[in-house]
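Trainee: Dropping a structure here in structure tokens format, bear with me for questions.
Throughout, read-outs are computed from the coordinates displayed, never taken from laboratory work. Since we're looking at a predicted model, the values are computed, not measured. In this analysis, Cβ positions are derived from the backbone assuming ideal geometry, glycine residues included, and neighbour counts consider all displayed protein chains.
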């Protein structure tokens, strides 16, 4: 009979071989399923694109992942000249990956790009009015309005582009991108794989110089492919897989799993405005019925164990202005849901569509809860890109998705995305829009809080949106990798190392 000790030891050694080989080659192999259609940081809406932006590019300011405090990055200092003008002193001696120098011209150019109609998420930049060069190492950024969260946005979603290079290569920038960041791209193969290598000329940045030389990213079809890549030794790091996979992964002694609640939350937005066509969802009682039909606590227990929370307001609790206490509450109550449908004139329910990109079991569970009260929802489970396109086109009666606020800890990064008449606003409420614009345009914290509270109360009383739960992001990696997750849902591989 085989000795169990030696059997286990041999298994451990065999499983460790791929990771040890990657350690020897100093290459971290990453697999994720949200393929980035365009690595240009201004041409994508995906979290994976934001991750790439923070590795290959730098912003003027760094937000510390531990303390959330703002620190100098490409800018060494900044100050407000007046409530709508920021002046930055820039770091000397910084170069882009092609060797060209970083100057104020690049900042001015980047602001112009961000303000153009070519960006994928224009709502991130509506506060910008322009930028002007003072000299090579000094630049002023002008705001359209008083915007207290401006510095946070500049830190998280304004990676600085190389003006001369990008203008010279045009559309070729998406296949041969250049930044100043700790890693530089060595390969962009459409949406199948990406290669990055440590920028050995990187300046003395608060990000630090990467300890791992190469990143190899495989963009795979689904979570099963991610898990298979890890467990079969073809990847060293994956994330955002279902909790049902955790046990199988942890049985492998060469692997580790980690969990961390993030600022991301899941939601169902309801087409109160009738953008997808006339429907029962245009009635408040029907939307309230949807809200009572879903057992969100059960969804958390089943799909988000490890620290997730049910939300009442469609924003993350730590965000400035996100007062969950003022939101209307919708307890799980199928009988009340059916009664509301009857009061609205739909005693036998109705047919609709549920469209989104959450994991299929999650959306199937939502469909089941709705069916139990008579709401017959045809389910469309799409990849994130196509689902977001449909959402922006106003084609989703029940629009399911998740929002991470680009990790900005302010309600101006969540509520206005869905309620200020943008392309993902299915409510189209002038009252809510005006309250949010007022809250985002004052420097008085009390005025801002009051405006956001009123907006949250109106959004939830009208049941424009059903917030589901916060995300607990799941990570799995080789035991040989030192990786620390953070609440802002931005994996920082430049801080990782091999044991």
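Trainee: Subtracting the Cα-Cα distance from 0.36 nm times the residue separation, let me have the gained length for residue 371 to residue 234 in nm, one decimal.
Mentor: So the chain would gain 45.2 nm between residue 371 and residue 234.
Trainee: Starting from the 7 Å offset along Cα-to-Cβ, what nm value, one decimal, do you get for the label separation of residue 213 and residue 193?
Mentor: Result: 1.8 nm between the two label points.
Trainee: Assign one of three labels to the chain, namely rounded, prolate or oblate, based on the Cα gyration tensor with a ≥ b ≥ c the square roots of its eigenvalues; rounded applies when a/c is under 1.5, prolate when it is not and a/b is larger than b/c, and oblate otherwise.
Mentor: oblate
Trainee: Over region 34-219, what is the mean sequence separation of C-alpha contacts under 8 Å (at least six apart), divided by residue count, expressed as relative contact order in percent?
Mentor: 25 percent
Trainee: While we're looking at this one, here's another question. Give the peptides 284-290, 168-174, 137-143 in descending order of average Cβ contacts within 10 Å, highest first.
Mentor: 284-290, 137-143, 168-174
Trainee: Further question on the same structure: So if we plug the beta-carbon distance of residue 136 and residue 167 into 1/(1 + (r/R0)^6) with R0 = 22 Å, what FRET efficiency do we get, rounded to 0.05?
Mentor: Once rounded, the FRET efficiency stands at 0.75.
Trainee: What does the C-alpha gyration tensor say about the overall shape of region 39-165? Classify as rounded when a/c is under 1.5, otherwise prolate if a/b is larger than b/c, or oblate.
Mentor: Since a/c stays below 1.5, the shape of region 39-165 is classed as rounded.
Trainee: Hey, another quick one. At a threshold of 8 angstrom on Cα-Cα distance, excluding pairs fewer than six apart, so keeping six or more, what relative contact order does region 79-144 reach in percent?
Mentor: 38 percent
Trainee: Further question: Contact order normalised by length for the chain, with contacts defined as Cα pairs under 8 Å and 6 or more residues apart; what percent is it?
Mentor: Here the relative contact order equals 19 percent.
Trainee: Okay, next question. Where the centroid of each part is defined by its Cα atoms, how far is region 137-188 from region 103-135 in Å?
Mentor: If we compute the Cα centre of each part, the gap is 9 Å.
Trainee: For a Förster distance of 22 Å, can you work out the FRET efficiency between the beta-carbons of residue 443 and residue 67, rounded to the nearest 0.05?
Mentor: My answer for the efficiency is 0.45.
Trainee: Follow-up question, since we're still on this one. Quick one: go through region 127-148 and flag any residue whose amide nitrogen is under 20 Å from the point 7 Å out along the Cα-to-Cβ line of residue 77.
Mentor: 132-142
Trainee: With the cut-off at 1.5 for a/c, could you classify region 163-302 from its C-alpha gyration tensor as rounded, prolate or oblate?
Mentor: oblate
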